[in-house]
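Enquirer: Okay, here's the structure, questions in a sec.
Read-outs throughout are calculated quantities, based only on the coordinates presented, and are distinct from any laboratory measurement. For clarity, every value in this text was computed on a predicted model and none was experimentally measured. Every residue, glycine as well, gets a Cβ built from its backbone with ideal geometry; the counts of neighbours run over all protein chains shown.
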Amino acid sequence: MDLASLHRAHVESLQRGVAAALEKTGFGALAIHSGSPVKRTEADDAYWPLRPTPHFQHWLPLAEPGGLLVVQPGKQPKLVRTLQPSFWEAPAPPESAHFWGAFEVIESNAARELVPARAAFIGDDLAAAVALGVPEEGRNPASLLAELDQLRVHKTEYEVFCLAEANRRAGPGHEQLRTLFASGDRAELELHLAFLGTTLQDDAETPYKNIVALGKHAATLHHISYEKRATPAQSLLLDAGASFSGYCSDITRTWVKGGGAAASVFAQVVAGVEAMQQRLCAAVRVGMPYEELHDESHRQVAQILRIVGISRLSVDELVKRGITRAFYPHGLGHSLGLQCHDVGCALRPPRADNPFLRNTSVIAEGQVFTIEPGIYFIEALLAPWRKSSDIDWKLVDALAAFGGVRIEDDVQVLARGVRNLTREVLEKGGGQAA
Ligand code: GLY
Ligand code: MN
Ligand code: MN
C-alpha cells in the first residue's frame, strides 16, 4: 500500500477510536490545537522551534502553529489553517503530501465558528482554548486524554511505516560516526554535526538531542554538552535518532577501538551487552509484563559482571543486593512513537526497585518500544559500594575511562516475536569500531 492509502486507513481507525473515546467521556467532538510559538525568555523575542502537539501529529505531520483539527463522529475531520502567517518566520513545508486528502481543509481566522458545542480542547495553548470558547472543564480533560493516549499505544500500519522510515534515516548517521571514530581522534561536537549532516537534520528536527559521548563521558546517561576539541578516546557511545512525519527512532550503539588490557575487557562488556540485548529482543512475548523482561535484564547484567571478572558473587546475590542497579540504573526501555518516550505504557508505577522503568505495560501485539540495556561506570552510584570486597575495584577503575555501554533497538511486537526496525538498517549493535 502507498503512504496515502496507509494514512487514510490510519485516520479511519483513529476516527473509530475517537468516537468511542468521546462517547465514553461525554464529549461531542475534539478540537486539537497544533501549538503556538513559545518565547525562550520574556526578555527578548527569540522563540523555541515549534514542537507540534503530539495528539495533533497523530493525525497529520503538519508543523504549523495555530492549526486546529476538528474531529466529530461521522464527519470528515476538518483542518483549519490560520490566515495570519508570520512574516518573521515561516514553518517548513511538510516533506510529503500524503495526508491532505484525509481532511476537509479550511483556511479561516474564524475557527471558533467551526468548533461544535461540547467539544473538548486538546493542546498547550490555553489562550487558544479560551478564544475558541471551550469552557474550562473541556480543556485537556484527563479522562479523555487517557483514552487518546491509549489510541497511541498500538501502532497502525501507517505508524509502523513511519517508525521504520525514522530508523532508515538514522542508520547512515550511525555508520558515518563509527567510521569517523575508527579513523582518528575526534571532537564530540564534530561527531554531532556529522550525524546531523549525514541524516540531513537540523538540531531541532531530531527526536531528542543527540547523545555523543567519548570515553568516560558515557557515564553520563544523557551526555549532551559536547567537548569541542578532538580528544583521544577508545570508546564512543552514540544515542541518536531521526524523525519522519513526526515519528521517532531512538538508537544507541557503543564502539571500542585500540589495544590494551582494559580495552579488551571493555570490548568483552560491549559484546556481552550486545548478546544480551539480542536475547531480550528474542524473549519478547505477547502477554508478558514488560517489567518481567526488565528484571531478566538485571540477571543478564549480573552474568556479564561475573564473566568479565568485576564480581564473583552469584547472579542472585548481585541482583538481590542491588549491585546490578549501581552498574545499570535505568529502565530496559520505553514506548516509542510520536514522542521518544511515548505515552500509554506506564499506567502503573514500576516496583520501587525499578524507579526509572518507563514501561510497565503487559506486552501486546502492535506496541513499539525500545530494548536498551546498558552497563556503566558511574562514580556517584558506585561510591556507596566502594568498601565492598565483592567488587574488583582495580578493574572497575580501569574500565571507568570507557564510561559505559548501551545498545538500543526499536522493536514492533508481532503475534509471535518482534520485528526489529533498527536491525533492518544496522546489522550490528556495536562492538569493535575498527
Ligand atoms: N535517547 C533517550 C533514551 O534512550 O531513552
Ligand atoms: Mn530510549
Ligand atoms: Mn536512546
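Enquirer: Restricting to lysines 8 or more places apart or on different chains, can you count the pairs in the chain with Cα atoms under 24 Å from each other?
Expert: Close lysine pairs found across the chain: 18.
Enquirer: Quick check: Cα centre of the range 1-66 to Cα centre of the range 98-119, how many Å?
Expert: 12 Å
Enquirer: Any idea what diffusion coefficient the range 39-163 gets from Stokes-Einstein, in µm²/s, Kirkwood Rh on alpha carbon pairs, 10 °C, 1.306 mPa s? Display every interim value, and only then the final one.
Expert: Numbers: Rh = 16.2 Å.
The diffusion coefficient I find is 98 µm²/s.
Enquirer: What does the range 98-209 give for Rg and for Dmax, in Å, if only its C-alpha atoms count?
Expert: Using the Cα atoms of the range 98-209, the pair Rg, Dmax is 21.2, 64 Å.
Enquirer: Taking all pairs of distinct Cα atoms, average 1/r, flip it, and tell me the Kirkwood hydrodynamic radius of the range 220-300 in Å to one decimal place. Kindly include the intermediate steps, with their values, before the conclusion.
Expert: On the way: mean 1/r = 0.0640 Å⁻¹.
Taking every pair of different Cα atoms in the range 220-300, averaging 1/r and inverting gives 15.6 Å.
Enquirer: Hand me the chymotrypsin sites (Phe, Trp or Tyr not before Pro) from the range 70-112 located in a DSSP loop with no more than 16 other Cβ atoms within 10 Å, in residue order please.
Expert: Numbers: sites: 87, 88, 99, 100, 103; in loops: 87, 88, 99, 103.
Listed in order of number, the matching sites are 87, 88.
Enquirer: Here is a follow-up. Working from the pairwise distances between different alpha carbons, so that the mean of 1/r is found and then inverted, what is the range 1-46's Kirkwood radius in Å? Don't jump to the answer; show the numbers that get you there.
Expert: On the way: mean 1/r = 0.0717 Å⁻¹.
Computed over Cα pairs of the range 1-46, the Kirkwood hydrodynamic radius comes out at 14.0 Å.
Enquirer: Return the loop-located trypsin sites (Lys or Arg not before Pro) in the range 1-88 (DSSP other than H, G, I, E, B) with at most 12 other Cβ atoms within 10 Å of their own Cβ; answer none if there are none.
Expert: On the way: sites: 8, 16, 24, 39, 40, 75, 78, 81; in loops: 40, 75.
Passing sites in the range 1-88 are 40, 75.
Enquirer: Any idea what angle helix 142-151 forms with the longest principal axis of the chain, computed on alpha-carbon atoms, 0 to 90 degrees, nearest 10?
Expert: 70 degrees
Enquirer: Sticking with this one: So, in Å, what gap is there between the alpha-carbon centers of the range 389-434 and the range 164-203?
Expert: Computed from Cα coordinates, the inter-centre distance equals 18 Å.
Enquirer: Per 10 Å bin from zero, what fraction in whole % of the C-alpha pairs of the range 56-112 is there, up to the bin with the longest pair?
Expert: Bins of 10 Å from zero give 21, 55, 22, 2 percent of pairs.
Enquirer: Helix 157-182 versus the longest principal axis of the chain: what is the Cα-based angle in degrees, 0 to 90, to the nearest 10?
Expert: Relative to the chain, helix 157-182 is tipped by roughly 40 degrees.
Enquirer: For the Cα atoms of the chain, what angle does the longest principal axis make with the long axis of helix 290-307, in degrees from 0 to 90, nearest 10?
Expert: So the inclination is approximately 20 degrees.
Enquirer: Express in nm, to one decimal, how much length is gained between residue 353 and residue 279 on full extension, taking 0.36 nm for each residue of separation and deducting their alpha carbon distance. Don't jump to the answer; show the numbers that get you there.
Expert: On the way: separation 74, 0.36 × 74 = 26.64 nm, distance 2.29 nm.
Length gained between residue 353 and residue 279: 24.4 nm.
Enquirer: Right, something else. Identify the trypsin sites (Lys or Arg not before Pro) of the range 351-434 meeting these criteria: DSSP loop state and at most 14 other C-beta atoms within 10 Å of the C-beta. Can you show the working numbers first?
Expert: On the way: sites: 351, 358, 386, 387, 394, 406, 416, 419, 423, 428; in loops: 351, 358, 386, 387, 416, 423, 428.
Listed in order of number, the matching sites are 351, 386, 387, 416, 428.
Enquirer: From the mean inverse distance of alpha carbon pairs (Kirkwood) and the Cα radius of gyration, derive Rg over Rh for the chain.
Expert: On the way: Rg = 23.4 Å, Rh = 23.2 Å.
Result: Rg/Rh = 1.01.
Enquirer: If the viscosity is 0.692 mPa s and the temperature 37 °C, what Stokes-Einstein diffusion coefficient in µm²/s follows for the range 198-241 when Rh is the Kirkwood radius over Cα pairs?
Expert: Numbers: Rh = 11.3 Å.
For these conditions, the coefficient is 291 µm²/s.
Enquirer: The range 141-207: Rg/Rh from Cα coordinates, Kirkwood Rh? All intermediate terms of the calculation are to be shown ahead of the outcome.
Expert: On the way: Rg = 17.4 Å, Rh = 14.4 Å.
Result for the range 141-207 is an Rg/Rh of 1.20.
Enquirer: Using only the alpha carbons of the range 323-434, what is the convex hull's orientation-averaged projected area in square nanometres? Mind dumping the intermediate values first?
Expert: On the way: hull surface 37.5 nm².
Projected area, direction-averaged: 9.4 nm².
Enquirer: May I pose another question? Provide Rg and Dmax in Å for the range 1-85, with only Cα atoms included in the calculation.
Expert: 15.4, 50
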